[in-house]
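The values are calculated or read from the model by the stated rules, or taken from the named source; none is laboratory data. These numbers were taken from a predicted model, which means no experiment stands behind them. Neighbour counts are summed over all protein chains in view; Cβ atoms, including those assigned to glycine, are modelled from backbone coordinates with ideal geometry.
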Amino acid sequence: MIGKQAYKSWTMSEEFWEAVKPYIPEHERDKNREYKRKPGGGRKPPDKREILAAILYVLRTGCQWKSVPKGSNIHRYFQMWAQCGFFEAIWAAGLYEYDELKGLDWEWQSLDGCMTKAPLAQESVGKNPTDRGKNGDKTKRSH
């Protein structure tokens, strides 16, 4: 067990777990790698519900992965599931479920943000603040 006491303040409902469980990717062995053990040998994988609960706890609280018991294992699953598209899949499923319950206006969308430099910014802010208008080589000390 991963230590449920660490994230006791937030628990996952049975309804939520049943809704997201089908989206959890199954771990598959790398076909290009040679394994020492037969499939099914070694340690049993941790409970996926506990892994998801720990991941959601870290995402909700913003604590470090190491703060959760067996945090590095939790972070490994987070990375693996993120790469497989698990979080996008449950997000999309949640949107569609909300659309069925309340309805979303798919026609109206808004985007906010800017990914370019302001073309007139230099005029409004002036010179580089690290350049104080000093002449000469800034590496030499003057006495």
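A few points about this structure:
Conditions (1) over 15 Å from Met80 (Cα atoms); (2) modelled with pLDDT of 80 or more; (3) acidic (Asp, Glu), marked per residue:
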residue: Ala6; (1), (2), (3): yes, no, no
residue: Arg29; (1), (2), (3): no, no, no
residue: Arg43; (1), (2), (3): yes, no, no
residue: Asp47; (1), (2), (3): yes, yes, yes
residue: Ala53; (1), (2), (3): yes, yes, no
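- For segment 94-112, the count of residues that are at pLDDT 85 or above and hydrophobic (A, V, I, L, M, F, W, C) is at least one.
- Of all residues in segment 59-87, those being buried (at least 19 other Cβ atoms within 10 Å of the Cβ) and among the β-branched types (Val, Ile, Thr) number 2.
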